[in-house]
1. Considering ARG10, ARG37, which residue is modelled with pLDDT of 80 or more, under 27 Å from MET89 (Cβ atoms) and among the charged types (D, E, K, R)?
2. All but one of (1) surrounded by fewer than 16 Cβ atoms within 10 Å (Cβ to Cβ); (2) more than 18 Å from LEU120 (Cα to Cα); (3) not polar (S, T, N, Q) hold for VAL86; state the number of the condition that does not hold.
3. I'm trying to understand the selection: among the residues of the stretch 122-152, which are free of Cβ contacts under 8 Å to residues at least 60 places away in the same chain and polar (S, T, N, Q)?
4. Restricting to the stretch 129-151, and then to whatever is over 25 Å from THR55 (Cβ atoms) and over 13 Å from the mean Cα position of the chain (by Cα), can you tell me which residue is surrounded by the fewest Cβ atoms within 10 Å (Cβ to Cβ)?
5. I'd like to check something: does the stretch 167-180 contain any residue that is surrounded by 14 or more Cβ atoms within 10 Å (Cβ to Cβ), at pLDDT below 95 and outside any loop (DSSP other than H, G, I, E, B)?
6. Looking at (1) modelled with pLDDT of 90 or more; (2) closer than 15 Å to ARG148 by Cα, find the lone condition where GLY221 falls short.
7. Quick one: is TYR75 part of a loop (DSSP other than H, G, I, E, B) and surrounded by 15 or more Cβ atoms within 10 Å (Cβ to Cβ)?
Amino acid sequence: MENYTAEISRISADSAAGQDKAVLQIVIDDPVARIIRRRGVRHVALGIEDGRRITPLQQRKAYAMLRDIGEYTGYPVEAMKQIMKVEHMMRTGDFEYFSLANCSITKAREYINTLMEYALKEGVILNESGLMRMDDIDTYLIQCIRYRRCCICGRSADIHHVDAIGMGNDRRYYDDSNNQIAALCRNHHTIAHNIGWSRFMSMYKVYGIEKYRCQEGGEDGDHI
């Protein structure tokens with residue numbers, strides 16, 4: 001998905017739009033308008049910045065990720081920060097410059113998501129669990145599944161099926177897209193089976209993700 005910045009010029013109630021709906025008028029750059037017209041776009045995603053700035057905890061998480069990635073690649077932290085900003089722009093399609101000193105909470109969260117996805121994809125060894133580095137746990141769990149990394153320790157993982165298909169169901173025809181899965185290494189996979197999923201979730205503060213949410217953009221997505 002490509003991201004562009006727009007300015008809200010007017011919000012008004014409009015009975016023609018339907019009950020409990022409003023009309024949002026925005027101003028966008030002409031090149032963006034031409035893209036929308038050329039592609040016949042009818043629906044767009046709307047992100048809302050609440051004005052809050054990056055928190056000290058988010059800064060700590062981002063720089064901890066950059067140190068780990070820097071050690072893996074051989075680049076110093078400051079150089080790695082700029083390299084990963086370019087990686088983030090390519091990943092999100094948002095080419096607006098930002099600084100870790102004063103960007104928004106939302107931008108910081110998205111940047112940390114990019115850092116974590118890069119680390120999981122490249123097999124970067126983190127100095128602490130990825131769970132401690134993320135604001136967006138949903139995205140982290142999905143990334144772990146896509147790149148086959150244990151969501152607890154970061155080691156190579158298999159897919160743990162939280163929802164078993166069950167006796168009597170033909171795997172060839174059973175739609176398991178809404179069944180929940182998680183990426184666990186052999187050790188944590190065994191623990192999950194031994195103590196049960198409910199206790200495992202409570203112990204490690206993780207949960208299952210619906211299979212269909214992990215397909216798009218993932219490696220070997222068709223084999224999850």
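1. Details: ARG10 fails: under 27 Å from MET89 (Cβ atoms).
Just a single option satisfies the conditions, and that option is ARG37.
2. Here VAL86 meets the rest and fails (2).
3. SER129, THR139, GLN143 - these are the residues of the stretch 122-152 that are free of Cβ contacts under 8 Å to residues at least 60 places away in the same chain and polar (S, T, N, Q).
4. We begin by selecting, within the stretch 129-151, every residue over 25 Å from THR55 (Cβ atoms); these are 145-150.
Adding the requirement that they be over 13 Å from the mean Cα position of the chain (by Cα) leaves 148-150.
Details: ARG148: 18, ARG149: 26, CYS150: 22.
The selected residue is ARG148.
5. Initial filter on the stretch 167-180 (surrounded by 14 or more Cβ atoms within 10 Å (Cβ to Cβ)): 176, 179-180.
Next, only the ones that are at pLDDT below 95 stay: 176, 179-180.
When the remaining residues are screened for being outside any loop (DSSP other than H, G, I, E, B), the result is 180.
Checking the stretch 167-180: at least one residue is surrounded by 14 or more Cβ atoms within 10 Å (Cβ to Cβ), at pLDDT below 95 and outside any loop (DSSP other than H, G, I, E, B).
6. Just one mismatch for GLY221, condition (1).
7. Values: part of a loop (DSSP other than H, G, I, E, B): yes; surrounded by 15 or more Cβ atoms within 10 Å (Cβ to Cβ): yes.
Yes, satisfied.
Yes/no matrix, rows are residues, columns are (1) without any contact (Cβ under 8 Å) to a residue 12 or more places away in the chain; (2) of a type in the set (S, T, N, Q); (3) farther than 23 Å from ARG146 by Cα:
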| position | (1), (2), (3) |
| --- | --- |
| VAL32 | no, no, yes |
| GLN59 | no, yes, yes |
| TYR63 | no, no, yes |
| PRO76 | yes, no, yes |
| LYS81 | no, no, yes |
| PHE98 | no, no, yes |
| ALA108 | no, no, no |
| LEU115 | no, no, no |
| LEU120 | no, no, no |
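The values are calculated or read from the model by the stated rules, or taken from the named source; none is laboratory data. All values derive from a computational prediction rather than experimental measurement. Glycine gets a Cβ as well: all are built from the backbone with ideal geometry, and neighbour counts include every protein chain shown.
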